[in-house]
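Note sheet for the following structure.
The values are calculated or read from the model by the stated rules, or taken from the named source; none is laboratory data. Values in this document were obtained by computation on a predicted structure and should not be read as measured data. No Cβ is skipped: glycine too gets one built from the backbone with ideal geometry, and neighbour counts run over all protein chains shown. Just so you know, the surface numbers come from the protein's heavy atoms only, side chains and all, with ligands and any DNA or RNA stripped out. Shrake-Rupley method; radii C 1.70, N 1.55, O 1.52, S 1.80 Å.
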Amino acid sequence: MSYTNALGQPVDREVPQWQGCAPPPTTPMVGRFCRVEPLRAQNHARSLWAAMQLDPQGLNWTYSPAEMPADFEGFRAMVTAHEASADPMFHAIVDADSGDTVGWATYMRLDPPMGVIEVGNIHYSPRLQRQPAGTEAMYLMMRRAFDELGYRRYEWKCHAHNAPSRAAALRYGFTPEGVHRQAMVLKGRNRDTAWYSILDSEWPAIKAAFKAWLDPANFDADGQQRQRLSVLMAQHRDG
């Protein structure tokens, strides 16, 4: 349906009850495979550093605005700085079985009055990549934004050349919105930025797909998925 003003000019629908949102709280988000909680150097730096040593060439830092620290002390200083940041708001991803910190992700570019929030600065160590905990962490962060806080728009942005990140965005149910050319200069290089989003109206179907994928019945005795999230996402969004 189209909406027009008194002069017949197109405008969008009214949102008469909109009051804005609260910023994310600092309480943990707990799932079956992982726990997502505010990043703290004292609690998370040591085990996260160990997990990141499984990427000795620092390939996971290719599209990060930061460089891989040379040693643990440098890494601890980085985590301490992240701990003090309110936006981006850094979260540790803690493996439920081992209790080790295996990655981080942030809420960033927070705009509570407009109900817009971005997930970004996602850094998964090799221990978290292609693991159920990695998918669950993204679900838990989405669930907080939409179900707990009532955000209207959830964003994902990445370097346009970052093929794994772009594939992950689609797998998680985001809709591509195009590429902002020459959006940044990072590490002395141009960055074109690919934009993706999920709207609150799309969240129920996406949430149902995540819940179906995370259901224990979707994993065999060896912990292997029976149905792919991308398939479940298509089924729920088309249904």
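Close Cβ contacts (under 7 Å, 6 or more residues apart or on different chains) running from residues in segment 36-58 that are within 13 Å of W104 (Cα to Cα) to residues that are open to solvent by 20 Å² or more (accessible area, probe 1.4 Å) and of a type in the set (D, E) comprise L39/E83; R40/E83; A41/E83; S47/D100; A51/D100.
Scanning segment 89-132 for residues that are polar (S, T, N, Q) and open to solvent by 50 Å² or more (accessible area, probe 1.4 Å) yields S98, N121, Q131.
Put simply, of A86, A45, A22, A81 the only residue that is of a type in the set (G, A, S), surrounded by 15 or more Cβ atoms within 10 Å (Cβ to Cβ) and farther than 19 Å from E136 by Cα is A45.
Is it true that some residue in segment 47-64 is under 30 Å from M114 (Cα atoms) and either of a type in the set (V, I, T) or outside any helix (DSSP H, G or I) (or both)?
To start, the set of residues in segment 47-64 that are under 30 Å from M114 (Cα atoms) comprises 63-64.
Next, from what is left, pick out any that are either of a type in the set (V, I, T) or outside any helix (DSSP H, G or I) (or both): 63-64.
Yes, some residue in segment 47-64 is under 30 Å from M114 (Cα atoms) and either of a type in the set (V, I, T) or outside any helix (DSSP H, G or I) (or both).
Note on segment 128-145: among residues that are within 13 Å of the chain's Cα centre (by Cα) and hydrophobic (A, V, I, L, M, F, W, C), the one that is farthest from A205 (Cα to Cα) is A133. Within segment 18-33, residues that are in contact (Cβ under 8 Å) with a residue 60 or more places away in the chain and part of a strand (DSSP E or B) sit with their Cβ atoms under 7 Å from residues that are surrounded by 12 or more Cβ atoms within 10 Å (Cβ to Cβ) and β-branched (V, I, T), at 6+ positions apart or across chains, in these pairs: M29/V36.
Selection within segment 135-154: residues that are assigned to a helix (DSSP H, G or I) and charged (D, E, K, R). The member of this set that is most open to solvent (accessible area, probe 1.4 Å) is E148.
Identify the residue in segment 226-239 that is open to solvent by 50 Å² or more (accessible area, probe 1.4 Å) and in contact (Cβ under 8 Å) with a residue 60 or more places away in the chain and, among all such residues, is nearest to R32 (Cα to Cα). Applying the filter and picking the extreme gives S230.
Select from segment 126-148 the residues that are under 29 Å from G20 (Cα atoms) and either among the hydroxyl-bearing types (S, T, Y) or touching a strand residue (DSSP E or B) at 6+ places or on another chain (Cβ under 8 Å) (or both) and list them in ascending order. Walk me through how you get there before you give the answer.
Taking segment 126-148 and keeping what is under 29 Å from G20 (Cα atoms), we get 135-148.
Hits for segment 126-148 are T135, E136, A137, M138, Y139, L140, M141, M142, R143, R144, A145, F146.
The set of residues from segment 1-19 being at pLDDT below 90, open to solvent by 100 Å² or more (accessible area, probe 1.4 Å) and of a type in the set (S, T, N, Q) comprises S2, Q17. Just to be sure, is R181 part of a strand (DSSP E or B), open to solvent by 70 Å² or more (accessible area, probe 1.4 Å) and in contact with a strand residue (DSSP E or B) (Cβ under 7 Å, 6 or more places away or on another chain)? When the stated conditions are applied, R181 passes them. The sole residue among E37, E73 that is at pLDDT 95 or above, out of contact with any Leu (no Cβ under 9 Å at 6 or more places or on another chain), among the acidic types (D, E) and more than 24 Å from E136 (Cα to Cα) is E73.
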